[in-house]
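Each remark here refers to the structure printed beneath this line.
The values are calculated or read from the model by the stated rules, or taken from the named source; none is laboratory data. These numbers come from a predicted model, not from an experiment. Neighbour counts are summed over all protein chains in view; Cβ atoms, including those assigned to glycine, are modelled from backbone coordinates with ideal geometry. What goes into the accessible areas is simple: the full protein's heavy atoms, side chains included, and nothing from ligands, DNA or RNA. Shrake-Rupley method; radii C 1.70, N 1.55, O 1.52, S 1.80 Å.
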Amino acid sequence: MDLGIKDRVALVAASSKGLGRAIAFGLSREGAKVVICARNRERLFKTRDDITSETGHEVKAFIADVTDREQVNQMVERIIDEFGTIHILVCNAGGPRSGMAEEFSPSDYRAALDLNLMSTIILCYEVMPHMKKQKWGRIINMTSISAKQPIDNLILSNTSRAGITGFSKSLSNQLAPLGISVNSVCPGYINTERVDNLAKSFEASGEGTVKDFYSNIEKAIPLGKLGTPEEIAHAVTFLASEGAGYITGVALQVDGGFIKGLY
Ligand SMILES: NC(=O)c1ccc[n+]([C@@H]2O[C@H](COP(=O)([O-])OP(=O)(O)OC[C@H]3O[C@@H](n4cnc5c(N)ncnc54)[C@H](OP(=O)(O)O)[C@@H]3O)[C@@H](O)[C@H]2O)c1
């Protein structure tokens with residue numbers, strides 16, 4: 001199947017490792033001109049070089065903190081100078097700390113909202129005008145299964161992801177007449193450093209071992225295993241494709257069946 005992604009300009013935010021990195025790889029394999037960003041220079045440039053050497057396609061890397069509107073604005077301006085536009089935007093960021101309500105103060109919620117919800121809003125506002133001009137765009141906002149089924153011990157994530165779902169759905173209605181789709185992707189438990197860190201926090205809290213953490217999760221997933229970053233990348237790449245143009249306003253869980261509800 002030709003996904004129609006070749007030569008599209010794709011900005012994948014927060015993409016030097018984990019899910020963002022796999023998504024950048026996925027889009028580059030389809031021939032997109034991919035732009036990646038993160039804060040740590042060394043890991044970012046290594047990822048850029050890894051992608052280019054495997055796919056043979058051009059990849060640009062920008063050091064940028066996605067919570068900082070000024071830095072996002074400068075990055076987007078440089079992409080426009082270089083490539084003329086942006087066709088595909090994947091809004092991603094790091095994950096907020098794990099913990100229960102009593103462990104956090106209101107300022108922790110503000111930081112979590114800045115990291116996930118506000119970074120998504122900032123990226124969309126910077127990129128939307130260019131998509132509107134060309135009457136074509138694909139926006140994919142990365143959230144989590146916690147947007148659909150709150151996860152114990154992840155109250156910051158549960159709170160901020162719900163906001164992204166509401167923002168994505170509202171924006172999808174407004175941008176549909178302009179040929180721009182807006183969807184969110186809700187990863188389940190995926191084999192990444194982030195989940196490894198959650199496993200270590202579980203052990204540190206005295207609830208069980210790292211091994212217990214993984215075996216509890218595997219039991220709760222009908223497919224019986226964690227996902228891979230590539231499995232998330234496949235879903236995002238499809239939503240970014242020409243053929244996915246009639247899909248908008250969806251929050252797609254990619255979770256091995258973890259979510260127990262109907263929607
Ligand atoms: N892994 C999972 O199973 C899973 C499941 C559901 C949802 N999620 C969510 O999906 C997102 C990505 O998860 P992941 O597992 O890929 O995380 P990860 O392995 O920790 O990678 C996060 C990436 O984002 C970059 N980053 C973090 N904060 C940033 C910022 N403020 N500005 C720019 N770049 C930033 C990091 O690089 P720098 O640190 O160098 O900036 C890194 O490249 C997170 O929000 C996570 O909560 C993950």
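Which peptide among 77-90, 11-24 comes first, and what is the full order, when sorted by highest mean count of other Cβ atoms within 10 Å?
Highest mean packing first, the order is 11-24, 77-90.
Taking the Cα centre of the chain as the origin, how large is its charge dipole in debye, to the nearest 20, when only Lys and Arg (+1) and Asp and Glu (-1) carry charge on their Cβ atoms?
Numbers: 29 positive and 30 negative charges, 101 e Å.
For this selection, approximately 480 debye.
So, counting K/R as plus one and D/E as minus one, what does the shell of residues with Cβ under 13 Å around Gln253 add up to?
That sum, taken over residues with Cβ under 13 Å, equals +1.
Please calculate how many Å² of accessible area the chain carries per residue, with a 1.4 Å probe and no DNA, RNA or ligand atoms counted.
Ligands and nucleic acids excluded, the result is 47 Å² per residue.
Say a paramagnetic label sat at a point 7 Å from the Cα of Tyr246, along Cα to Cβ; which residues of the stretch 1-24 have their backbone N under 20 Å from it?
Within reach of a label on Tyr246: 1-5.
Within the accessible area of the chain, what % is carbon and sulfur when the probe is 1.4 Å and the other protein chains stay in place?
Carbon and sulfur: 52 percent of the exposed surface of the chain.
Out of residues 5 or more away from Leu252 or on other chains, whose amide H comes under 5 Å of its own, with H placed 1.01 Å from N in the peptide plane?
Amide H to amide H, under 5 Å and 5 or more residues apart or across chains, Leu252 pairs with Ser184, Val185, Cys186.
Given the DSSP H assignment, sum -39500 (n - 2.57) over each helix run of at least 4 residues in the chain and divide by its residue total; what's the result at 222 nm in deg cm²/dmol, nearest 500?
-14500 deg cm²/dmol
How large is the accessible surface of His130 in square angstrom, using a 1.4 angstrom probe and rounding to the nearest 10?
40 Å²
List the residues, sorted by chain then number, that are 5 or more residues from Ile259 or on another chain and whose placed amide H is less than 5 Å from its amide H.
none
Over the stretch 186-263, what relative contact order in percent results from Cα pairs under 8 Å that are six or more residues apart?
Reported as a whole number, the value is 42 percent.
Over the chain, what is the mean sequence separation of C-alpha contacts under 8 Å (at least six apart), divided by residue count, expressed as relative contact order in percent?
Relative contact order comes out at 20 percent.
So if we plug the beta-carbon distance of Lys211 and Lys132 into 1/(1 + (r/R0)^6) with R0 = 45 Å, what FRET efficiency do we get, rounded to 0.05?
The value I calculate is 0.35.
Near Lys33, which lysines are there with a Cα under 25 Å away, not counting those fewer than 8 places off in the same chain?
Correct list for Lys33: Lys6, Lys17, Lys46, Lys60, Lys132, Lys133, Lys135.
Could you give the length gained by full extension between Ser53 and Gln74, i.e. 0.36 nm per residue of separation minus their alpha carbon distance, to one decimal place?
Working: separation 21, 0.36 × 21 = 7.56 nm, distance 2.68 nm.
Working it through step by step, the gained length comes to 4.9 nm.
Amide H to amide H under 5 Å from Val35: which residues, 5+ apart in sequence or cross-chain, H placed 1.01 Å off N in plane?
Ala10, Leu11, Val12, Lys60
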